[in-house]
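Read the structure below first, then the notes.
The values are calculated or read from the model by the stated rules, or taken from the named source; none is laboratory data. Just so it is clear, the structure is predicted and the values come from calculations on it, not from any experiment. All Cβ positions, even for glycine, are placed from backbone atoms using ideal geometry, and neighbour counts span all protein chains on display.
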Amino acid sequence: MPELPEVEVTKRGLTPLLLGRTVNQVNIYNPNLRYKISESLKNIQGHKIVKISRRAKYIIVETDGGGDFVIHLGMTGHLKVIAASSRLVKHDHYEMILDNDTVLRYNDPRRFGAIIWTDKSPLELTVLRKLGVEPLTDDFNEQFLYSKLQTKKSNIKQTLMNNEIVVGIGNIYASEILFSCRISPLRTASSVTFEECKSLVKEVKSILTNSIAQGGTTIRDFSQVDGKPGYFVQNLLVYGKDGKPCPCCGESIQHMVQGQRSTYYCKNCQK
DNA sequence: AAACACCCCTGCGGGC
DNA sequence: TGCCCGCAGGGGTGTT
């Protein structure tokens, strides 16, 4: 479900609701997520949340002495902060009861998400350590991208989704970005020119930023912390549009599979 | 090293 | 109506 914009929107929604709150109690209802939830997550009980940040598609939460934890939403994970008296619903897997009669609950039907506690620097966790650059920082620029692409034999679409190069670009935005740049997803990464890298960098930043501003993309079940959907779905030009006319030339949008994931593109516009 | 197939899990929509 | 199939925005593993 969530790519970088959806995770960023979630982080921004959570921040005012969690910052400065003390976690009174942690309850784990089903520990079987992507990694088994460690009981040591309960070390945060009695501690105050002092910082919330994001790295790639992970939300990082730090406490004042109870250790830190990182949350990943997988494909179908949701976080919500609601009245502590609210009843549990199907697929609520863990919760943190806060000191103001609210509770942070994690719901995830497919259980591809994760929550990892650590008493070290979260950035040193295995899952975070080998990640590539953040797309919305200056480290992600045309020189950087061009140098990375030159050594890659795989196609440009899967390379854009390679988190060891640049993080946060998932399956929806990869198709959208390539369409905006008029680059075929079938092209080898190494065939992408420096000029095209400039265009890719510009569109990655612009599309992700616009999506964040509109609350992310809701296709099936993403929702913001307040329960509202993301409105960027209205801006999608090719994703999920197979058979529909290309907004640029009117030709039929094509669908294909790359690396077991759907790709959408316009054969006519993207070369 | 890098590319690829396959796996984790539940729910939903389409076809019959 | 119900059943079966394929598919879904994530990442990890094991094989070549």
| field | Matching residues, segment A:228-261, being among the hydrophobic types (A, V, I, L, M, F, W, C) and within 18 Å of the chain's Cα centre (by Cα) | value | A:232, A:233, A:236
| Within segment A:30-46, can one find any residue that is within 22 Å of residue A:168 (Cβ to Cβ), part of a strand (DSSP E or B) and of a type in the set (A, V, I, L, M)? | no
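One line per residue, one yes/no per condition, for (1) crowded, with 18+ Cβ neighbours inside 10 Å; (2) modelled with pLDDT under 95; (3) away from DNA strand B (no atom under 16 Å from the Cβ); (4) aromatic (Phe, Trp, Tyr):
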| site | (1), (2), (3), (4) |
| --- | --- |
| A:107 | yes, no, no, no |
| A:114 | yes, no, no, no |
| A:121 | no, no, yes, no |
| A:166 | yes, no, no, no |
| A:174 | yes, no, no, no |
| A:177 | yes, no, yes, no |
| A:200 | yes, no, yes, no |
| A:219 | no, yes, no, no |
| said: Need a quick list: strands (runs of 3 or more DSSP E) entirely within segment A:74-187 having at least 3 residues that are in contact with a strand residue (DSSP E or B) (Cβ under 8 Å, 6 or more places away or on another chain) and farther than 26 Å from residue A:228 by Cβ. | reply: A:114-118
| Output for segment A:219-248, where each listed residue is closer than 18 Å to residue A:14 by Cα and of a type in the set (Ser, Thr, Tyr) | A:223
| said: Residues that are in a helix (DSSP H, G or I) and touching a helix residue (DSSP H, G or I) at 6+ places or on another chain (Cβ under 7 Å): does segment A:215-230 have at least one? | reply: no
| task | Quick one: which residue in A:157, A:148 is in contact with a helix residue (DSSP H, G or I) (Cβ under 7 Å, 6 or more places away or on another chain) and of a type in the set (Lys, Arg)? | result | A:157
| request: Only one of these is out of contact with any strand residue (DSSP E or B) (no Cβ under 7 Å at 6 or more places or on another chain), more than 16 Å from residue A:270 (Cα to Cα), exposed (fewer than 15 other Cβ atoms within 10 Å of the Cβ) and not hydroxyl-bearing (Ser, Thr, Tyr): A:228, A:205. Name it. | output: A:228
| request: Examine segment A:204-213 for a residue that is basic (Lys, Arg) and either over 20 Å from residue A:148 (Cβ atoms) or within 16 Å of DNA strand B (Cβ to nearest atom) (or both), and state whether such a residue exists. | output: no
